[in-house]
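Read the structure below first, then the notes.
Values quoted throughout were computed directly from the atomic coordinates according to the rules given, and no laboratory measurement underlies them. Remember, it's a predicted structure, so these values are computed and weren't measured experimentally. Please note: Cβ atoms are built from the backbone with ideal geometry, for glycine as well, and neighbour counts cover all protein chains shown.
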Amino acid sequence: MYIPIILGTARQGRESEKVARFMLNEVKSAGIATNLLDVRDFRLPATDNSKTSPQAKKLAAAITKADAIIIVSPEYNHGYPGELKMMLDLLYEEYAGKPLGIVGVSIGPFGGARMVEQLRLVAIELQMIPIREALHFPNIQDCFDGKGMVKDEEYKKRVKKFLDKLAGYAKK
């Protein structure tokens, strides 16, 4: 099974990168092949030829191969980052039928809940199957230590439940 992780923000100092790396390690620990697809590597001008760019072809290959997808994204102004939308819009057919797990990140108390809601709508339009379970990392500035290790071990239990559900959809 192969489940890539999309890191959905390109901002400097992005806290969600800690979450993406944590998820990467947890997915690998579950015996699932994975890699990180960083939105920074797929920022392209919105032109007609962007879908045939080397970046779009690389993304298409990863998504086509994927059994499911995980997106880790912060919430910016009650939504998801524009560069994530542009990255997602590079493809269409490749997403069809792929289960999607969404991981929200925020500096506030809701862990990206509004971003998760909005991203689900876009995922449905892209013919993905967003799972009901989402992971939320609220108050992200307090979730990890200086070495990037999660402070609350309860997150590992939540990730296991999330991955079990996502992998179950992928197997179906």
Of the candidate values [x] 15.7, 45; [y] 16.7, 50; [z] 15.0, 46, the one computed for Rg and Dmax of the Cα atoms in Å from this structure is [z]
Just rank Leu90, Leu166, fewest to most, by other beta-carbon atoms within 10 angstrom.
Leu90, Leu166
Theoretical gain in end-to-end length, Tyr76 to Tyr2 [0.36 nm per residue, Cα-Cα removed]
23.8 nm
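For the stretch 100-145, report the translational diffusion coefficient in µm²/s to the nearest whole number, using Stokes-Einstein at 25 °C, 0.890 mPa s, and a Kirkwood Rh over Cα pairs. Numbers along the way, then the final one.
Details: Rh = 10.9 Å.
Value of D from the Cα-based Kirkwood radius: 224 µm²/s.
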With just the Cα atoms defining each centre, how far is the stretch 113-172 from the stretch 1-66? Give it in Å.
15
Can you compute the modelled spin-label distance between Gln12 and Glu93, with each label point 7 Å from Cα toward Cβ, in nm?
4.1
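For the pair Phe110 and Lys51, what calculated FRET efficiency results from E = 1/(1 + (r/R0)^6), where r is the Cβ-Cβ distance and R0 = 45 Å, to the nearest 0.05? List each step's numbers first, then the result.
Values: r = 34 Å, r/R0 = 0.76.
For R0 = 45 Å, the calculated efficiency reads 0.85.
With runs of 4+ DSSP H residues as the only contributors, calculate the mean residue ellipticity of the chain at 222 nm using -39,500 (n - 2.57) per run, divided by the residue total and rounded to the nearest 500. Before the final figure, lay out the partial values.
On the way: 5 runs with 64 residues, N = 172.
Computed ellipticity for the chain at 222 nm equals -11500 deg cm²/dmol.
May I ask you to list the trypsin sites (Lys or Arg not before Pro) in the stretch 10-78 that are in a DSSP loop and have at most 16 other Cβ atoms within 10 Å of their Cβ? Could the numbers behind the result be given before it?
Values: sites: Arg11, Arg14, Lys18, Arg21, Lys28, Arg40, Arg43, Lys51, Lys57, Lys58, Lys65; in loops: Arg11, Arg14, Arg43.
Answer by residue number: Arg11, Arg43.
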